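J.: I'd like to ask some things about the structure below.
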Amino acid sequence: MRVGAFYFPADYGINMAELAKALEDRGFDSLFVPEHTHIPASRKSPFPGGGELPKRYSHTHDPFVALSFAAAATKKLKLGTGILLVPQHEPIVTAKAIASLDQLSGGRFILGIGGGWNVEEMENHGAKYQTRFKQMREHVLAMKELWTKDEASYNGEFVKFDRVWSWPKPAQKPHPPVILGGETDHTLRRVIEYCDGWFPRPRGGFDVVKGVAHLHQMAEKAGRDPSTITTIVFGAANDAKALESYDKAGIQSALLAIPDESRDEILRYLDKIAPLAKLPLAA
């Protein structure tokens with residue numbers, strides 16, 4: 001199992017190129033960035049974590065721009081969205097941005113996706129809370145057509161385009177891995193149907209190890225080989241025993257949180273947790 005990190009790419013935080021280089025130098029496998037295109041000032045949608053919405057949510061860089069700087073500063077570090085709010089992104093433009101980043105980084109991009117929780121935010125993009133998952137599915141399937149076909153087309157409820165040409169194609173074949181966040185059975189069914197992996201969070205008492213076993217059982221019943229589904233734990237505990245338990249469960253990767261602190265504090269924190277990136281875990 002590999003150990004990476006995630007960080008809200010805040011405009012007041014550490015430079016993304018410096019952070020990426022620091023992670024790679026310390027032996028971390030990956031850097032994932034969350035996104036919010038904006039935060040509506042009404043604040044009608046309550047923060048799922050409870051209390052006031054943290055400052056970083058309204059100060060994030062664009063994920064593709066941030067990861068491009070991270071890619072240019074590194075050689076091996078994997079780069080991912082954790083998560084991209086897919087219903088808020090027009091799929092033709094998004095597919096090109098992803099393919100460009102994957103090609104220019106030498107095939108290092110991972111597309112972490114989700115439907116989102118902020119109703120007003122998605123409505124500002126013309127998406128609806130009630131249909132966000134259906135729209136997300138269509139956007140992903142349409143992007144796969146653009147990535148894998150020289151002449152692509154798609155005809156759905158939310159996405160429609162006749163025969164088009166779109167290059168570049170991603171470096172990874174058939175396309176960058178698509179991993180879906182969430183912890184419900186609804187999420188697992190979506191993972192099995194059209195994703196390459198699962199992106200669970202071990203919070204609120206949710207047991208990721210049991211969740212992986214459940215996912216594999218569901219996959220087998222649906223006729224999909226469980227070995228074709230990758231699991232990346234988002235927000236893993238900074239604890240060797242927890243990481244070892246994920247490794248024994250066959251989980252491929254775990255992401256540790258980087259705090260919303262100053263540059264110097266973040267670099268000191270990376271030094272503190274760096275031994276976790278070098279645990280004798282299975283590859």
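J.: Going residue by residue through segment 46-64, is there one that turns out to be of a type in the set (Gly, Ala, Ser) and touching a helix residue (DSSP H, G or I) at 6+ places or on another chain (Cβ under 8 Å)?
T.: Pass one, segment 46-64, residues of a type in the set (Gly, Ala, Ser): 49-51, 58.
Then keep just the ones that are touching a helix residue (DSSP H, G or I) at 6+ places or on another chain (Cβ under 8 Å); that gives none.
No.
J.: Quickly run through segment 1-30 and pick out the residues that are closer than 26 Å to residue 250 by Cβ and out of contact with any strand residue (DSSP E or B) (no Cβ under 6 Å at 6 or more places or on another chain).
T.: Of everything in segment 1-30, those that are closer than 26 Å to residue 250 by Cβ and out of contact with any strand residue (DSSP E or B) (no Cβ under 6 Å at 6 or more places or on another chain) turn out to be 1, 24, 26, 27.
J.: If a residue must be among the polar types (S, T, N, Q) and buried (at least 19 other Cβ atoms within 10 Å of the Cβ), how many such residues does segment 20-66 contain?
T.: 2
J.: Counting only residues that are assigned to a strand (DSSP E or B) and in contact (Cβ under 8 Å) with a residue 40 or more places away in the chain, which one in segment 155-177 is farthest from residue 101 (Cα to Cα)?
T.: Step one: list which residues in segment 155-177 are assigned to a strand (DSSP E or B), which gives 155, 160-164.
Restricting the remaining residues to those that are in contact (Cβ under 8 Å) with a residue 40 or more places away in the chain gives 161, 164.
On the way: 161: 23, 164: 20 Å.
Ranking the qualifying residues of segment 155-177, first place goes to 161.
J.: Given the criteria in contact with a Gly (Cβ under 9 Å, 6 or more places away or on another chain), closer than 21 Å to residue 32 by Cα and surrounded by 17 or more Cβ atoms within 10 Å (Cβ to Cβ), does residue 255 qualify?
T.: Spelling it out, residue 255 is indeed in contact with a Gly (Cβ under 9 Å, 6 or more places away or on another chain), closer than 21 Å to residue 32 by Cα and surrounded by 17 or more Cβ atoms within 10 Å (Cβ to Cβ).
J.: Failed condition for residue 17, given (1) of a type outside the set (Lys, Arg); (2) in contact with a helix residue (DSSP H, G or I) (Cβ under 7 Å, 6 or more places away or on another chain); (3) surrounded by 18 or more Cβ atoms within 10 Å (Cβ to Cβ), with all others met?
T.: So residue 17 meets the others, but not (3).
J.: Regarding segment 271-281, can at least one residue be identified that is closer than 21 Å to residue 209 by Cβ, in contact with a helix residue (DSSP H, G or I) (Cβ under 8 Å, 6 or more places away or on another chain) and surrounded by 17 or more Cβ atoms within 10 Å (Cβ to Cβ)?
T.: Scanning segment 271-281, I find at least one residue that is closer than 21 Å to residue 209 by Cβ, in contact with a helix residue (DSSP H, G or I) (Cβ under 8 Å, 6 or more places away or on another chain) and surrounded by 17 or more Cβ atoms within 10 Å (Cβ to Cβ), so the answer is yes.
J.: Now for a separate question. With (1) in a helix (DSSP H, G or I); (2) in contact with a Ser or Thr (Cβ under 6 Å, 6 or more places away or on another chain) as the list, and residue 123 as the residue in question, which single condition is left unmet?
T.: (2)
J.: Does segment 195-211 include one or more residues that are among the aromatic types (Phe, Trp, Tyr) and loosely packed, with under 15 Cβ neighbours inside 10 Å? Quick ask: steps written out before the conclusion?
T.: Let us first name the residues in segment 195-211 that are among the aromatic types (Phe, Trp, Tyr), namely 198-199, 206.
Checking which are loosely packed, with under 15 Cβ neighbours inside 10 Å leaves us with 206.
Looking for residues that are among the aromatic types (Phe, Trp, Tyr) and loosely packed, with under 15 Cβ neighbours inside 10 Å, one finds at least one in segment 195-211, hence yes.
J.: State the number of residues belonging to segment 74-121 that are more than 19 Å from residue 16 (Cα to Cα) and touching a strand residue (DSSP E or B) at 6+ places or on another chain (Cβ under 6 Å).
T.: Number of matching residues: 4.
Coordinate-derived values only; no laboratory data. Every value quoted in this text rests on a predicted model; they were computed, and no experiment measured them. All Cβ positions, even for glycine, are placed from backbone atoms using ideal geometry, and neighbour counts span all protein chains on display.
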